[in-house]
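Just below is one structure, and these are the notes that go with it.
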Amino acid sequence: MPKRGKKYVEAAAKFDKTVLQEIEDAMKIVVDTASAKFDETIEAHVRLGVDGRHADQQVRGAIVLPHGTGKTKKVLVFAKGAKAEEAEAAGADYVGAEELADKIKSQNWFDYDVVVATPDMMGVVGKLGKVLGPKGLMPSPKAGTVTMDVSKALAEIKAGKVEYRLDKTNIIHTPIGKASFGPEKLQDNFMALMEAIVKAKPAAAKGQYLRSVTVAATMGPGVKVNPAKITF
């Protein structure tokens, strides 16, 4: 076990970590235990009863959180011609084609948070799969980041769109805001995310779908949420 800092230990002592909390209580605790000097990000960690190794049990999508994430994301758009102009007008931070792909490959360049591409650019972007994929930056139609409507994609991302997807252990890790949002806004964002995840349940999933749900601040302890209370 890693040695925990004094603030973490003090925060963890404020509540019983073994108890499955009501949603409202969990949001209050996670804000109360965010004690760092910076505005900590609050994340939801959701373990699902699926096996992501099977294509028919994958869970992936994107949602615009009601109150955003509290972070302004830098967006790189792969597009040409009129679509490149549209992306620039819509507020993209970087717009280009082959030259950006070359920069990513040759300079290991990652000064952006989201990558959007028009479908005709996927031949170029596809070659970056081994570089962008492990960082979760590969554009995807399911996430709405492979699209001809680059203006809409940019507007949603800048408004607080988050992507959710399984990791190798069948857990989804997604930010739901900042500690400064307060419990009510965090709860709104949390419920919007959970509704999307529940609706994305694969037909092939058997047994209990929401195995465990935890919320935690960047530097704080995990707060367990009662999955049985998450219903839509």
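The values are calculated or read from the model by the stated rules, or taken from the named source; none is laboratory data. Given the structure is predicted, the values throughout are model-derived calculations rather than measurements. Glycine also receives a Cβ, built like all others from the backbone with ideal geometry; neighbour counts cover every protein chain displayed. For the accessible areas, the whole protein counts, side chains as well, though only heavy atoms, and no ligand, DNA or RNA atoms are used. Shrake-Rupley method; radii C 1.70, N 1.55, O 1.52, S 1.80 Å.
So the values come out like this:
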| read-out | value |
| --- | --- |
| 5 angstrom amide H check on Val95, placed H, neighbours 5+ away | Val77 |
| Leading residue at positive end of dipole, the chain (Cβ point charges), from Ala34, Gly133, Gly5 | Gly5 |
| Cβ-placed point charges (K, R +1; D, E -1), dipole of region 48-87 about Cα centre in debye, nearest 20 | 220 |
| Gain upon complete extension [Asp120, Glu22; 0.36 nm per residue less C-alpha separation] | 30.6 nm |
| Charge dipole magnitude, Cβ of K and R +1, D and E -1 - the chain, Cα centre, debye nearest 20 | 860 |
| Karplus-derived 3J(HN,Hα), 6.51/-1.76/1.60, for each residue of region 101-107, Hz, glycine and proline x | 4, 5, 5, 4, 6, 7, 10 |
| Residue-count net charge about His173 - beta-carbon cut-off 10 Å; Lys, Arg +1, Asp, Glu -1 | -1 |
| Region 149-161 - phi-based ³J(HN,Hα) in whole Hz, Karplus 6.51/-1.76/1.60, Gly and Pro as x | 8, 5, 4, 5, 4, 5, 4, 5, 5, 5, 7, x, 6 |
| Relative contact order (%) - the chain, alpha-carbon pairs under 8 angstrom, separation at least six | 40 |
| Where the chain is the region considered: accessible area per residue in Å², 1.4 Å probe | 52 |
| Candidate lysines - alpha carbon under 28 Å from Lys127, same-chain residues fewer than 8 apart omitted | Lys73, Lys74, Lys80, Lys83, Lys103, Lys105, Lys135, Lys142, Lys152, Lys158, Lys161, Lys168 |
| Segments 33-39, 174-180, 87-93, 198-204 sorted - mean Cβ within 10 Å per residue, highest first | 174-180, 87-93, 33-39, 198-204 |
| Amide H within-cut-off set for Thr147, under 5 Å, with H built and near neighbours excluded | Ala117, Thr118 |
| Lys, Arg +1 and Asp, Glu -1 on Cβ, resulting dipole of region 62-139 about Cα centre, debye, nearest 20 | 360 |
| Surface share of carbon and sulfur [accessible, 1.4 angstrom probe, percent] for the chain | 52 |
| In order through region 43-49: 3J(HN,Hα) via Karplus (6.51 cos²θ - 1.76 cosθ + 1.60), integer Hz, x for Gly, Pro | 10, 9, 10, 10, 8, 10, x |
| Solvent-accessible surface (1.4 angstrom probe) belonging to Tyr8, in square angstrom, nearest 10 | 40 |
| Glu184 versus Glu99: modelled label distance in nm, points set 7 Å from Cα along the beta carbon direction | 4.9 |
| Amide hydrogen neighbours beyond the local backbone of Ala62, cut-off 5 Å, H modeled | Tyr164 |
